[in-house]
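The values are calculated or read from the model by the stated rules, or taken from the named source; none is laboratory data. Remember, predicted model here, so these are calculated numbers, not experimental data. Glycine also receives a Cβ, built like all others from the backbone with ideal geometry; neighbour counts cover every protein chain displayed. Note: accessible area is taken over every heavy atom of the protein model, side chains too, but ligands, DNA and RNA are not part of it. Shrake-Rupley method; radii C 1.70, N 1.55, O 1.52, S 1.80 Å.
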Amino acid sequence: MNKFEALGIEPNIVKAITELGFETPTPIQEQAIPVLLKEEKDLVGLAQTGTGKTAAFGLPLIQTVDFNSRNTQALILCPTRELCLQITKDLQSYTKYTQGANIVAIYGGASIVNQLRDVKRGAQIVVGTPGRMVDMINRKGVTLKTVIRVVLDEADEMLNMGFKEDLDMILSETPDQKCTWLFSATMPREVETIARKYMSEPFQITVGKRNEGNVNIEHVYYVVQSRDRYASLKRIVDFYPDIFGIVFCRTKAETQEVAEKLIRDGYNADSLHGDLSQAQRDQVMKRYRSRTLQVLVATDVAARGIDVDDVTHVINYNLPDEIENYTHRSGRTARAGKTGISIVILNIREVGKIRMLEKIIGKKFTKAKVPGGSEVCEKQLFALISKIHDVEVNEAAIEKYLPQIYSQLKDLTKEELIKRFVSDEFNRFLEYYKNAPDLNVENRSLERPERTSDRFNQRGDTRADEPRSRVPDRDANMTRFFINVGEMDGLDKGGLLRFICDTSNLEGSNIGRIDIKSSFSFFDAAKEVEDFLMNAFKDQTFKGRSVRIDPSNGSGGAGYRDNNSFGKGKRPYGGGGSGGDSSWKKKSYGGGGGGYSDGGSSSGGGYRKRSYGNEEKPRERSSEPPVDGNTFSDRKSKFGKRS
Ligand code: AMP
């Protein structure tokens, strides 16, 4: 007997899912299906995406719905358009052999008129995102009075995205007599509150441990200096030539910037974030799904609901603001029983967060070393070898050239030939990585290890977990600034930090040590933001007093030694072409003829804009066909032309 039939699933549904390749129920299906079929019970399921939870609720749901009626009997709410479409598609395929089934997706960013029409035709199951559902209800386009099943999928995400009020409104439209099935990857207090409010004595299923991440995910972290974040990302991507990955950034601006740098450096990457139009996002996702795109750089919100199987790596370029979101990010890999790696790139100040993450996922992280140049070269070499081994030869096209090719190469042995063909590509990588520095933080020179910044201690953040001796108070990346306001102006360290951040729109992480004096103060800021700060502070006042800042090499506190390079040939600010926005203009090191370049590490140095109001418009997408494949040949651009 078929294993799904044994759980109570009807033959016509079994036939449909067998065609999808479902032979053995996943653990959540095994636990949920019999209960949901037999009992009129509420359910709370703690499960990640990729565990088969759509079928876990979808199959019993379909079986409970009367498809002879045109009433809306089931409502599935989920956080994103992508997930909404995915669930709809899944349910439609489960009902391939079920007569009269009409399952309709209701989501924003598409014509509401068409959706109103689809529902009017008699949708027994409506799958919706909360915002658009509220619109539909307000337009009286959908009646929920006949609903007997409500599914809240990825409830934690819906709450994270601020849909609580919408959920309340939608659920108030449904009858009291119904079953509510709630699924969530994590169980923060907000979700528990929802469960308590809308459910009575729910049956609970936990796949894996509570809040535990998928067991097939290996969690790895790298500790680098902030300025090396981008270079480390490239190393990691280079180290995994067959990577099919998602890089998560914290903001839209960062996402766009990292993607643009990767593209410029010859990687097969693109960005996905909320400033792209729906059509642009669809296009990016289409390319990613079809694997014409190798690396997707995304914000949390934009990546929600990404249901692409086979993602090999999730890279946290920066950790999410809501640390719980790490589970959602890492859950994009190791789907459907596959394995995957979730990577976190950290600076030393953030290392303590690993412990928090370990608690959340119930699993240990492995500390890894950013691969060195020779390791990357070796990896790429063997990827090249297998690529050559598996290359498809176009016999017809190459045939006419072969005699001349053989003749030109006749003096070379097979061994010589192999060496030369391989070296043609390998040399580029060798050359590129020739002077590549070790990016691991313990191997980078860390200046001034003796003091930690008070600011970080005040924040009570992770620095308490770090060995003090490792924490660079200021490094060569910091510029010391003088500012003509101080204690007399009613400022303490926190107040000055707020003032600097509010005036410049920079994040606090760009600012280092602060020393408050009576009528003036000193603060450290990431070198990359120096020009930006100078501009931001032009014509500023504080409590009616005109404010002036100056880069300074003076001593800000007792015994303070200034290590930064200001005054040693650095460009003067406010003139000589260094004003304006030059703070985020890209720099490249080594430059020119194929030397090691981090492809512009200006943002890696800690520069982040705080608001997106003035974020650049998304660039026009190229109409050129996307570059296929990966590794060497796609990235020739970064190695420069061969002589
Ligand atoms: P989900 O967690 O519902 O997003 O499912 C993750 C992936 O697993 C999807 O591609 C499903 O089609 C697939 N899947 C779900 N249940 C099974 C099953 N019993 N056997 C094989 N694949 C499944």
If you go through PHE22, PHE4, the only one that is within 9 Å of the ligand (Cβ to nearest atom), more than 24 Å from GLY331 (Cβ to Cβ) and crowded, with 19+ Cβ neighbours inside 10 Å is PHE4
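Would you check if there is a residue in the stretch 181-196 being farther than 24 Å from VAL35 by Cα and in contact with a strand residue (DSSP E or B) (Cβ under 8 Å, 6 or more places away or on another chain)?
Applying the first criterion (farther than 24 Å from VAL35 by Cα) to the stretch 181-196 yields 188-190.
Adding the requirement that they be in contact with a strand residue (DSSP E or B) (Cβ under 8 Å, 6 or more places away or on another chain) leaves none.
Scanning the stretch 181-196 turns up no residue that is farther than 24 Å from VAL35 by Cα and in contact with a strand residue (DSSP E or B) (Cβ under 8 Å, 6 or more places away or on another chain).
Outside any loop (DSSP other than H, G, I, E, B), touching a residue at least 12 places away in the same chain (Cβ under 8 Å) and farther than 20 Å from LYS367 by Cβ: is that true of VAL191 in this structure?
Values: outside any loop (DSSP other than H, G, I, E, B): yes; touching a residue at least 12 places away in the same chain (Cβ under 8 Å): yes; farther than 20 Å from LYS367 by Cβ: yes.
Spelling it out, VAL191 is indeed outside any loop (DSSP other than H, G, I, E, B), touching a residue at least 12 places away in the same chain (Cβ under 8 Å) and farther than 20 Å from LYS367 by Cβ.
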For the stretch 341-353, name all the residues that are out of contact with any His (no Cβ under 6 Å at 6 or more places or on another chain) and open to solvent by 10 Å² or more (accessible area, probe 1.4 Å). ASN347, ILE348, ARG349, GLU350, VAL351, LYS353
May I ask you to list the residues in the stretch 507-527 that are at pLDDT below 80 and in contact with a helix residue (DSSP H, G or I) (Cβ under 6 Å, 6 or more places away or on another chain)? GLY508, ASN510, SER518, SER519
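What number of residues within the stretch 314-340 satisfy the criterion of being buried (at least 17 other Cβ atoms within 10 Å of the Cβ), of a type in the set (A, V, I, L, M) and under 16 Å from ALA185 (Cβ atoms)? If you could, list the steps in order and put the result at the bottom.
Taking the stretch 314-340 first, the residues buried (at least 17 other Cβ atoms within 10 Å of the Cβ) are 314-320, 324-335, 340.
Within this subset, residues satisfying the condition of being of a type in the set (A, V, I, L, M) are 314-315, 319, 334.
After this cut, where a residue has to be under 16 Å from ALA185 (Cβ atoms) as well, the list is 314, 334.
Result for the stretch 314-340: 2.
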Flagged in the stretch 7-19 as outside any loop (DSSP other than H, G, I, E, B) and either within 12 Å of the ligand (Cβ to nearest atom) or in contact (Cβ under 8 Å) with a residue 24 or more places away in the chain (or both), in numbering order, are ASN12, ILE13, VAL14, LYS15, ALA16, ILE17, THR18, GLU19
When the residues of the stretch 25-40 are narrowed to those that are out of contact with any helix residue (DSSP H, G or I) (no Cβ under 8 Å at 6 or more places or on another chain) and not in a helix (DSSP H, G or I), which ends up nearest to the ligand (Cβ to nearest atom)? GLU39
On the basis of being touching a residue at least 12 places away in the same chain (Cβ under 8 Å), of a type in the set (Lys, Arg), crowded, with 18+ Cβ neighbours inside 10 Å and more than 9 Å from the ligand (Cβ to nearest atom), does ARG81 make the cut? yes
Within the stretch 408-417, considering residues that are among the hydrophobic types (A, V, I, L, M, F, W, C) and part of a helix (DSSP H, G or I), the one nearest to the chain's Cα centre (by Cα): LEU417
In the stretch 242-276, what count of residues is obtained for those that are closer than 20 Å to VAL370 by Cα, out of contact with any Lys or Arg (no Cβ under 6 Å at 6 or more places or on another chain) and outside any helix (DSSP H, G or I)? 7
In this structure, does LEU91 turn out to be within 13 Å of the ligand (Cβ to nearest atom), open to solvent by 30 Å² or more (accessible area, probe 1.4 Å) and either at pLDDT 95 or above or under 36 Å from the mean Cα position of the chain (by Cα) (or both)? no
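In the stretch 43-67, which residue that is assigned to a helix (DSSP H, G or I) and within 11 Å of the ligand (Cβ to nearest atom) is farthest from the chain's Cα centre (by Cα)?
Initially, the stretch 43-67 is screened for residues assigned to a helix (DSSP H, G or I), giving 53-64.
Checking which are within 11 Å of the ligand (Cβ to nearest atom) leaves us with 53-59.
Working: LYS53: 22, THR54: 23, ALA55: 26, ALA56: 27, PHE57: 27, GLY58: 28, LEU59: 31 Å.
Looking at residues that are assigned to a helix (DSSP H, G or I) and within 11 Å of the ligand (Cβ to nearest atom), I get LEU59.
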Within the stretch 393-402, can one find any residue that is surrounded by 12 or more Cβ atoms within 10 Å (Cβ to Cβ) and modelled with pLDDT of 90 or more? no
The listed residue being more than 15 Å from the ligand (Cβ to nearest atom), at pLDDT 95 or above and of a type in the set (Lys, Arg), out of LYS145, LYS96: LYS145
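Looking at the stretch 270-288 only, could you name the residues that are open to solvent by 20 Å² or more (accessible area, probe 1.4 Å) and either under 16 Å from the mean Cα position of the chain (by Cα) or within 16 Å of the ligand (Cβ to nearest atom) (or both)? Before the answer, list the steps.
As a first pass, look at the stretch 270-288 and keep what is open to solvent by 20 Å² or more (accessible area, probe 1.4 Å): 274-275, 277-283, 286-287.
Within the stretch 270-288, GLY274, ASP275, ARG281 qualify.
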Would you say THR72 is within 16 Å of the ligand (Cβ to nearest atom) and part of a loop (DSSP other than H, G, I, E, B)? no
Anything in the stretch 254-269 that is without any contact (Cβ under 8 Å) to a residue 60 or more places away in the chain and open to solvent by 10 Å² or more (accessible area, probe 1.4 Å)? List them, or say none. ILE263
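Does at least one position in the stretch 101-118 carry a residue that is closer than 19 Å to CYS179 by Cβ and in contact (Cβ under 8 Å) with a residue 12 or more places away in the chain? Step through it out loud before you land on a result.
Of all residues in the stretch 101-118, those closer than 19 Å to CYS179 by Cβ come to 103.
Of the ones still in play, those that are also in contact (Cβ under 8 Å) with a residue 12 or more places away in the chain are 103.
Yes; the residues of the stretch 101-118 include at least one that is closer than 19 Å to CYS179 by Cβ and in contact (Cβ under 8 Å) with a residue 12 or more places away in the chain.
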Meets criteria (in contact (Cβ under 8 Å) with a residue 24 or more places away in the chain and either in contact with a helix residue (DSSP H, G or I) (Cβ under 9 Å, 6 or more places away or on another chain) or not assigned by TED's automatic domain parsing to the domain that holds ALA47 (or both)) for VAL284: no
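Here is a list: ILE385, ILE405. Which entry is in a helix (DSSP H, G or I) and closer than 17 Å to ASP242 by Cα? Lay out the reasoning, then the answer.
Details: ILE405 fails: closer than 17 Å to ASP242 by Cα.
On inspection, the qualifying residue turns out to be ILE385.
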If we scan the stretch 352-360, do we find a residue that is in contact with a helix residue (DSSP H, G or I) (Cβ under 6 Å, 6 or more places away or on another chain), over 21 Å from ARG235 (Cα atoms), in contact (Cβ under 8 Å) with a residue 60 or more places away in the chain and in a loop (DSSP other than H, G, I, E, B)? yes
If you check ARG291 against the conditions, is it of a type in the set (Lys, Arg) and surrounded by 20 or more Cβ atoms within 10 Å (Cβ to Cβ)? no
